[in-house]
Amino acid sequence: MSMPLEITYDHSVELAIAKITDLLKSQYVLSKRAISLLLLQEDEDILELVKGSEIKNFSKIVQIIEETKKKNDRPLNYIISLSRQQRVDALANSAIVKVEKKESRLAESISRLTMNPITGIPILLLVLYYGLYKFVGEFGAGTIVDFLEEHIFGVYINPWVNGTAQALIPWSWLRDLLANDYGIITLGIRYAVAIILPIVGTFFIMFSIIEDSGYLPRLAMLVDRVFKKIGLNGRAVIPMTLGFGCDTMATMVSRTLETRRERIISTLLLALAIPCSAQLGVILALLSGAPGALPVWLIFIGLIFLLIGYLTSKLLPGDKPSFYMEVPPLRLPKLSNVLTKTYTRMQWYFVEIVPLFILASILIWFGNLTGLFGVAIGWMQPVMNFIGLPDKAAEAFLFGFFRRDYGAAGLYDLQQAGLLTSRQLVVAAATLTLFVPCIAQFSMMLKERGLKTALAIAGFIFPFAFIAGSAFNWILTTFKVLQ
């Protein structure tokens, strides 16, 4: 017969558990001790549940929690988690026979270097340069996109689709739905497969390598001090890094952050200043051809990220974030793990994202058919002029309402046509990066943060993106940074 697992916490925590347990009069699915522990850790769902069930005693319970917090110099969730970890270690040590094995001194040295700010920042820059810029930006968004976009779709697929539609379909409205400038195949599928897919694929490969190596927890340790200045902690590096893959997925992952304040800040920053892999790849490809444009864009977006994060952390009430994380061993990525993770994420891309591109094409077709699209572009043109862009850029930003990477692909077409100068290109890329979250991300914000918060974030981002874009254009023009 197995004995029940019991964990004893320090005296102040145990005393608080006993007092809270005595005040819990209602019946719960969990034991009253478990409920008490969750209350001490300030679990939001349990606090709401107990607030509704223990109307008379809830204020006393809150008082006990606050008194216990004052008795300890570390967060209660840290103390409770540490006690559990110690108990787990004791159980594991009693059941596992360890074989002495010398740890790789090289791996240990590299691990320390990645977490030391002096050496860790150059290592991070190398990872970003070779991982994102060279592999995703140049190879994915350059070589592969050029082959698929210009050769496969440009020479074979689009001309064949347009010719077939012209020959077989007598109705112009149906031809425009499938082919021509805004057709499902010639625009939606072309964007999804020829422009976005190679970028997303190369990013997922690189992210899987970084993830499987154990580098992400070390990156979390490295950026913890900076993140605390913007109301987050090192753990937030995980949703932020995931945001470079897909902001929708990252918004969902932000639920793992401890406090509501951290979740709101991370959601805002993901929606505002973190470009998804497809958008990032297109932007890298666009700006790499203009000397100096990429670092200018990067510095501007980085400053916006830090500034808005800092101001938000000052405006939102709440405790300063705490941080603790177990750091796994550093290792060479396993090929089977990398391929499995990449395959799973690519499968998600096809199931979740490709239909959105098709839907966006249908909405654009409907807008063209009814004239609404032309009216919307007319409204957007003065805004484009406000940030120093030509009227034609309104189309790309209108695409961005459906998906920001869709809008970035629209900029790709403008750049290929030679309609943007280096300065206009970097302003357009920066403004589109800050632009409103795409439909999928906004839907996830509604689900995770609620209607009021989601609308407040979108309501802030929309005017801010264009105001920031206009200011950015003025700075570049005044100081003649780019021509």
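Values in this text are rule-based calculations from the coordinates and carry no lab data. This one's a predicted model, so the numbers in the text were calculated from it and none came from an experiment. Glycine also receives a Cβ, built like all others from the backbone with ideal geometry; neighbour counts cover every protein chain displayed.
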task: Take the Cα coordinates of region 335-483, assign each an equal point scatterer, and use the Debye formula without solvent to give log10 I(q)/I(0) at q = 0.15 Å⁻¹.
output: -0.88
query: What's the FRET efficiency of L30 with V226 using the Cβ-Cβ distance as r and R₀ = 30 Å, to the nearest 0.05?
result: 0.20
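Between the DSSP loop rule and a limit of at most 10 other Cβ atoms within 10 Å, which chymotrypsin sites (Phe, Trp or Tyr not before Pro) in region 1-60 are left?
Numbers: sites: Y9, Y28, F58; in loops: Y9, Y28.
Of the chymotrypsin sites (Phe, Trp or Tyr not before Pro), not one in the loops of region 1-60 has a Cβ with at most 10 other Cβ atoms within 10 Å.
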query: Against the longest principal axis of the chain, how steep is helix 44-53, in degrees 0 to 90 to the nearest 10, with axes from Cα atoms?
result: 60
query: Want the number for L125 to I152: 0.36 nm per residue separation, take away the alpha-carbon distance, what's left?
result: 6.3 nm
- prompt: Listing K56, K229, K134 from the residue with the fewest other Cβ atoms within 10 Å to the one with the most, what is the order?
  reply: K56, K229, K134
task: Any chance you could give the angle, 0 to 90 degrees and rounded to 10, that helix 76-95 forms with the longest Cα principal axis of the chain?
output: 80
statement: Both in Å, the radius of gyration and Dmax of the C-alpha trace of the chain are 26.1, 83
Spacing of the two label points (7 Å from each Cα toward its C-beta) at D73 and N385, in nm: 6.4
statement: With label points set 7 Å from each Cα along the Cα-to-Cβ direction at L311 and H11, the distance between them in nm comes to 4.9
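When averaged across all projection directions, what area in nm² does the alpha-carbon convex hull of region 11-95 cover?
Mean projected area for region 11-95: 6.2 nm², to one decimal.
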field: Exceeding the 31 Å Cα-Cα cut-off - candidates K19/K447; K32/K69; K32/K71
entry: K19/K447
query: Across region 94-182, how large is the tail of the calculated P(r) beyond 15 Å, expressed as a percent of all Cα pairs?
result: 76
- line: The helix 372-386 Cα axis meets the longest alpha-carbon principal axis of the chain at an angle in degrees, between 0 and 90 and rounded to 10, of 80
message: With θ taken as phi - 60° and the coefficients 6.51, -1.76 and 1.60, list the Karplus ³J(HN,Hα) couplings across region 273-281 in order, rounded to whole Hz; mark glycine and proline as x.
response: 10, 10, x, 5, 4, 5, 5, 4, x
query: Just from its helices, what would the mean residue ellipticity at 222 nm be for the chain, if runs of 4 or more DSSP H residues each count -39500 (n - 2.57) and the sum is divided by every residue, rounded to the nearest 500 deg cm²/dmol?
result: -21500 deg cm²/dmol
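Sorted from fewest to most neighbouring beta carbons within 10 Å, what does the list V282, V375, V145 look like? Display every interim value, and only then the final one.
Details: V282 31, V375 11, V145 23.
Listing V282, V375, V145 from fewest to most nearby Cβ atoms yields V375, V145, V282.
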